[in-house]
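Since the structure comes first, as structure tokens, the remarks are kept for the end.
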Amino acid sequence: MGGRIYDAISRLSCLTVSAFFDRDEGKTEYKSLPVYHKDFYRQYLEEKGNVILVIGLPDETGEIVKKEFASAYGLDTGCCKLYSEFVMHDFPIMALYQSNRVFLDSISMIITEQCTLKCEKCAIMLPYFKKAEQYPLERLKQDADELFSKVDLIGNYTLTGGEPLLSRDLAEMIRYLGENYRTQIGSFKIITNGTVLPSQELLDLMQQYEMAVDISDYTAGVPAIKPRVDEVREMFERAGIPTYFLSSAQWVDFGFESVDHHYSCSQLQAFFNYCHTRCRGYAGGKIRYCINAYFAERTLNGREDVNNTFDIFMMGNSEEERKRLVEFDLGYNGSGFLGMCQHCNGTCEINTHFIEVGKQCSSH
Ligand code: SF4
Ligand code: SF4
């Protein structure tokens, strides 16, 4: 995470990264900069004065470190930032206003709607689609061309589905993105349910373009897939691909098909802000602020919420247009909420409607 912040700052802003801090005394250099032990921070502050400390850790552990630093060194919130606060709020604004560059923290590109599983509470309601589409390769390439002509850097770019390994074009799409846009992508990965074996070509390309893989673990709900998931995991690991196994004891129910809060506009605005979803999706040349709301709306009422949609092909190249995109990504829209927020329990971080992981539809 520290490396990703460094890359983004160096490429898109006037700020300078001067050093890294770590708990590990054995580390001395990273990205040609000094790495100091965290206890050296007091002395460093006295020498350097005006510095911002960005904590390159996930929020939960980052909060603990932030409190530790704040009390030890009397730092205020302006000069000690969580990774998410920095890359999802401060940095996109700095990059835009200082350097006229567009930085988006995270985008998932949907390459197929087909899947090997039929999870009853699929967060994108896939089992309820009338027709699950396989997006054509030429269209995927055009969408990528348009996106990377408008955006300078995307912190995390994920190829997803459905189950992306079902796409016959996955390897070619990785080759295309790797060859043409790898320098505009921070972390590049795929997310899979681990039920489809990767080909050697896919593994080689993932290695070549320094990709990682997230394997969502559905084995609690579908024990029969465990041997296959273990095999898939082993194949990625053996190929040297950084592999993250996302085990989860519980899922949450978004509730799209059953919830109706009857909230007022101001309550919806507050709820939308509180939810603060990070799940941006890209499909058909449009970014959806909340990919879950997009698929729910499409499945349940066939409508498209304009507040949830940014059409990349309709975007011009002016500074104003770039601001419009960054503002959309930061959560600014015409009404201050999405239509689906009225029918949603919120994203994982705020939702306590826990359900069984990966329970399959009874027809499966
Ligand atoms: S594995 Fe389950 S949750 Fe994931 S996309 Fe497929 S149906 Fe949806
Ligand atoms: S409340 Fe639900 S629909 Fe609204 S942004 Fe959050 S996850 Fe999306």
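The values are calculated or read from the model by the stated rules, or taken from the named source; none is laboratory data. Please read all numbers here as calculations on a predicted model, not as lab measurements. Cβ coordinates were reconstructed from backbone atoms using ideal geometry, including for glycine residues, and neighbour counts include every protein chain displayed. Accessible surface areas use protein heavy atoms only, side chains included; no ligands, DNA or RNA. Shrake-Rupley method; radii C 1.70, N 1.55, O 1.52, S 1.80 Å.
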Report yes if residue 107 is out of contact with any helix residue (DSSP H, G or I) (no Cβ under 6 Å at 6 or more places or on another chain) and either within 16 Å of ligand 2 (Cβ to nearest atom) or under 30 Å from residue 355 (Cα atoms) (or both), otherwise no. yes
What residue, of 5, 52, 9, is of a type in the set (A, V, I, L, M), open to solvent by 60 Å² or more (accessible area, probe 1.4 Å) and closer than 24 Å to residue 155 by Cβ? 52
Somewhere in the stretch 63-77, is a residue modelled with pLDDT of 90 or more, in a loop (DSSP other than H, G, I, E, B) and either open to solvent by 40 Å² or more (accessible area, probe 1.4 Å) or of a type in the set (Phe, Trp, Tyr) (or both)? no
Could you tell me whether the stretch 289-299 includes any residue that is farther than 23 Å from residue 119 by Cβ, touching a residue at least 60 places away in the same chain (Cβ under 8 Å) and touching a helix residue (DSSP H, G or I) at 6+ places or on another chain (Cβ under 6 Å)? no
Only one of these is in the same structural domain as residue 113 (by TED's automatic domain parsing), surrounded by 16 or more Cβ atoms within 10 Å (Cβ to Cβ), part of a strand (DSSP E or B) and not hydroxyl-bearing (Ser, Thr, Tyr): 186, 194. Name it. 186
Cβ pairs under 9 Å, 6+ apart or interchain, first in the stretch 224-243 and outside any helix (DSSP H, G or I), second open to solvent by 80 Å² or more (accessible area, probe 1.4 Å) and among the polar types (S, T, N, Q), ordered by first then second residue, are 239/200; 239/207; 240/207; 241/207
For the stretch 288-316, what are the residues that are of a type in the set (A, V, I, L, M, F, W, C), surrounded by 18 or more Cβ atoms within 10 Å (Cβ to Cβ) and within 14 Å of ligand 2 (Cβ to nearest atom)? 290, 291, 293, 295, 296
In the stretch 1-51, what residues are aromatic (Phe, Trp, Tyr) and more than 26 Å from the chain's Cα centre (by Cα)? 36, 40, 41, 44
When the stretch 118-132 is checked residue by residue, the ones that are under 22 Å from the mean Cα position of the chain (by Cα) and either of a type outside the set (A, V, I, L, M) or open to solvent by less than 30 Å² (accessible area, probe 1.4 Å) (or both) are 119, 121, 122, 124, 125, 126
Is there any pair linking a residue in the stretch 152-165 that is farther than 17 Å from residue 212 by Cβ to one that is in a strand (DSSP E or B) and open to solvent by 10 Å² or more (accessible area, probe 1.4 Å), with Cβ under 7 Å and at least six apart or on different chains, and which? 153/186
Scan the stretch 58-93 residue by residue and report those that are out of contact with any strand residue (DSSP E or B) (no Cβ under 8 Å at 6 or more places or on another chain) and among the aliphatic types (A, V, I, L, M). 64, 72, 93
I'd like to check something: does the stretch 153-170 contain any residue that is within 30 Å of residue 15 (Cβ to Cβ), open to solvent by less than 30 Å² (accessible area, probe 1.4 Å), within 16 Å of ligand 2 (Cβ to nearest atom) and touching a helix residue (DSSP H, G or I) at 6+ places or on another chain (Cβ under 7 Å)? no
If we keep only residues of the stretch 98-151 that are more than 12 Å from ligand 1 (Cβ to nearest atom) and among the acidic types (Asp, Glu), then the residue nearest to residue 211 (Cα to Cα) is 105
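Here is a yes/no grid of residues against (1) of a type in the set (Asp, Glu); (2) touching a helix residue (DSSP H, G or I) at 6+ places or on another chain (Cβ under 9 Å); (3) in contact (Cβ under 8 Å) with a residue 40 or more places away in the chain:
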position: 309; (1), (2), (3): no, yes, no
position: 317; (1), (2), (3): no, yes, yes
position: 320; (1), (2), (3): yes, no, no
position: 329; (1), (2), (3): yes, yes, yes
position: 336; (1), (2), (3): no, yes, yes
position: 344; (1), (2), (3): no, yes, yes
position: 349; (1), (2), (3): yes, yes, yes
position: 352; (1), (2), (3): no, no, yes
position: 359; (1), (2), (3): no, no, yes
Being in a helix (DSSP H, G or I) and under 16 Å from residue 90 (Cα atoms) is the filter; apply it to the stretch 325-346 and report the residue that is nearest to the chain's Cα centre (by Cα). 329
For the condition touching a strand residue (DSSP E or B) at 6+ places or on another chain (Cβ under 9 Å), under 30 Å from residue 216 (Cα atoms) and part of a loop (DSSP other than H, G, I, E, B), what is the one hit in 277, 352? 352
